[in-house]
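Heads up, the thing below is written out as C-alpha cells.
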Amino acid sequence: MAESQYQKAKISVWWDIENCQVPTGCDPHTIAQNISAALVKMNYCGPVSTISAYGDTTRIPASVQQALNSTGISLNHVPAGVKDASDKKILVDMLFWAVDNSAPGNYLLISGDRDFSNALHQLRMRRYNILLAQPQNASAPLLAAAKSVWLWTSLLAGGPPLSSNGDSPQYVHNASSYLPNSDALRIPVSDPIQINQQKNFFHESPHLGTQKSSNIGRGADSKRKGKQTQRNTSQSNISRSSSVPIGVQEDQNNANTHQRPYPGVWGTPGCSQPSENVQGLIGVVLLALNTLKTEKIMPTEANIADCIHYGDPKHRKTNVKKALKMAVEQQLVVKQNLGSLQMYVGRNENLWKTVKPTGGNPSNYTNATWDEIQNFLKSSAGRSAIMASQCRYEAATIMKKMCLKELALGNVLQILHLVINAKKWITQHPSGWQPVNINVPESSPDWGD
C-alpha cells in the first residue's frame with residue numbers, strides 16, 4: 001500500500017497511448033475513473049493533477065478521443081513519422097511537472113518503454129514515488145524503478161497491481177523484488193542520469209534520459225513518432241525543499257538570488273512556449289542540476305558543464321552556456337551568488353549540501369577504501385580508463401562507476417584530489433589534466449599519511 005508521505009500527495013499520470021492502447025471493446029469513458037479507483041484502492045488519495053496521453057490522434061477513433069477528453073484526459077497529438085517523439089515529449093512534460101510540484105509526489109507512467117527508466121530512477125531518488133502500468137512485456141530497468149506495477153489491462157479496469165510473482169492480483173511493495181538476474185539490478189542509480197540513445201533530443205540537445213553513465217540499450221518496442229506540439233500547462237507552483245551547502249552555512253544569508261522577470265516567459269498569458277530545441281536544452285540543464293544535488297556537487301557553470309559533457313558522450317557538443325541562458329530566461333533556473341561564486345539552481349530551490357572537492361584528508365576514508373582505490377589503479381582496466389580521461393571530473397566518474405559505487409561523486413572528487421595531492425598516485429600535467437601518469441606503490445602500511 002501507499003507509504004504515508006505519498007497517500008495525500010499529488011498524482012500525475014503519463015500515458016503512452018501508442019504503447020498502451022485503448023483495447024477494443026473497452027468503454028473509454030471509464031478509463032480515468034478506473035485509474036483513480038485503482039489508485040485509491042492502494043491508498044493513493046491525493047488529487048490527480050493531470051492525466052496526459054500522448055500519441056498520433058489520427059490513429060485514434062474520434063469517439064474514443066471525445067470520450068477521453070470529456071473525462072479529463074488531456075490528449076496530446078504527436079504526429080507519426082519521427083522516431084521516439086512521444087517518448088521525448090512525455091519526458092519533457094514529466095520533468096517540468098517535477099519542477100512545479102515539489103516532492104513528495106506520485107508519478108504513474110503508463111508505458112513499457114525502457115527509454116523512461118533512467119528518468120524514473122532519478123525522480124525516485126528525488127523522493128517522488130513511481131508507479132507503472134505496463135503492457136504484457138515491459139523492460140526490467142523500467143520495472144525496477146517502480147514501487148507498484150499494474151498490467152495495463154488491469155489498471156484500466158480499476159484492478160490491483162501485480163504481486164511479487166508477477167501474476168497474482170495483489171500489490172507489490174517494490175517491483176524490483178521480482179526481477180531475478182535482471183540487468184536492472186546492475187544499474188548504478190546514483191550515477192548522473194544517462195541512457196545511451198541513437199538519436200539526439202530535439203536536434204541539438206540529447207534525449208532527457210541520456211544523462212546517466214550506465215549504458216542502457218533501447219527496448220524492443222522502438223517506435224516511429226512525431227514531434228509534440230502542445231504542452232500541458234495546468235501545473236501549480238509549490239515551494240521546493242531547501243538545504244545549505246557544507247562549509248558555507250555562515251554565508252547563507254549573503255546568497256543573493258537573481259530572479260529578474262523576463263519578457264515573454266513561457267507559461268505567462270499571451271506568450272508562446274519555447275521551441276522544442278530550447279525545451280530540450282532546458283531539460284538537460286534541469287537534469288544536470290538534479291544530478292549535482294544527488295552527487296553533492298556545487299552547481300557552478302563549470303560543474304554543470306562537466307556533468308552534461310562527461311555524463312554521456314552524446315552530450316559533448318551541448319552548448320551549456322546557451323542552455324543555462326535559456327533556462328534562466330524562462331525562469332526555470334535562477335542564479336545565486338555566494339560570495340564570489342555564481343551558481344544555478346532550479347526555480348524555488350535553494351543551494352544544497354556539498355562536499356568540498358579540495359578538502360578532507362586521507363584519514364577521512366577507511367583503509368578498505370584506499371585498498372580498493374589502489375587495486376583499481378593497479379588494474380589494467382582502471383589504469384587505462386583513468387589515463388584516457390579528459391579531465392578530473394571524467395576521471396572521478398570513472399572511479400565511481402568502476403570502483404567507488406557507493407559514494408557520491410562529490411566524495412569521489414575529493415578522494416581524487418587526495419590521490420593526486422596527498423598520495424601522489426596520480427600526476428597530471430601542470431597546465432591541465434593530460435597527460436596523466438599513474439604511479440601506485442605495491443603497498444602502503446599507513447593510509448592516514
Could you please find all residues in segment 319-348 being in contact with a Phe, Trp or Tyr (Cβ under 7 Å, 6 or more places away or on another chain) and among the basic types (K, R)? K335
For segment 106-120, check the following and say yes or no: at least one residue is modelled with pLDDT of 85 or more, touching a Phe, Trp or Tyr at 6+ places or on another chain (Cβ under 8 Å) and farther than 14 Å from D16 by Cβ. yes
Just one of the numbered conditions (1) surrounded by fewer than 17 Cβ atoms within 10 Å (Cβ to Cβ); (2) in contact with a Phe, Trp or Tyr (Cβ under 8 Å, 6 or more places away or on another chain) is not true of W370; which one? (1)
For segment 412-423, does any single residue satisfy the condition of being farther than 23 Å from I308 by Cβ, small (G, A, S) and touching a residue at least 12 places away in the same chain (Cβ under 8 Å)? yes
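From the list L91, L123, L95, exactly one residue is surrounded by 20 or more Cβ atoms within 10 Å (Cβ to Cβ) and under 23 Å from Q21 (Cβ atoms). Which is it?
That would be L91, the only listed residue that is surrounded by 20 or more Cβ atoms within 10 Å (Cβ to Cβ) and under 23 Å from Q21 (Cβ atoms).
For every residue, the table says whether it meets (1) surrounded by 14 or more Cβ atoms within 10 Å (Cβ to Cβ); (2) within 24 Å of D84 (Cβ to Cβ).
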| residue | (1), (2) |
| --- | --- |
| A288 | yes, yes |
| L292 | yes, no |
| E329 | yes, no |
| Q342 | yes, no |
| T354 | yes, no |
| Y365 | yes, no |
| A381 | no, no |
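Just name the residue that is surrounded by the most Cβ atoms within 10 Å (Cβ to Cβ) out of those in segment 29-77 that are among the hydrophobic types (A, V, I, L, M, F, W, C) and over 27 Å from M1 (Cα atoms).
Within segment 29-77, the match that is surrounded by the most Cβ atoms within 10 Å (Cβ to Cβ) is L68.
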Regarding T300, is this residue loosely packed, with under 14 Cβ neighbours inside 10 Å and either touching a residue at least 40 places away in the same chain (Cβ under 8 Å) or touching an Asp or Glu at 6+ places or on another chain (Cβ under 7 Å) (or both)? no
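The values are calculated or read from the model by the stated rules, or taken from the named source; none is laboratory data. All values derive from a computational prediction rather than experimental measurement. Here the Cβ is made from the backbone with ideal geometry for all residues, glycine too, and neighbour counts use every protein chain on show.
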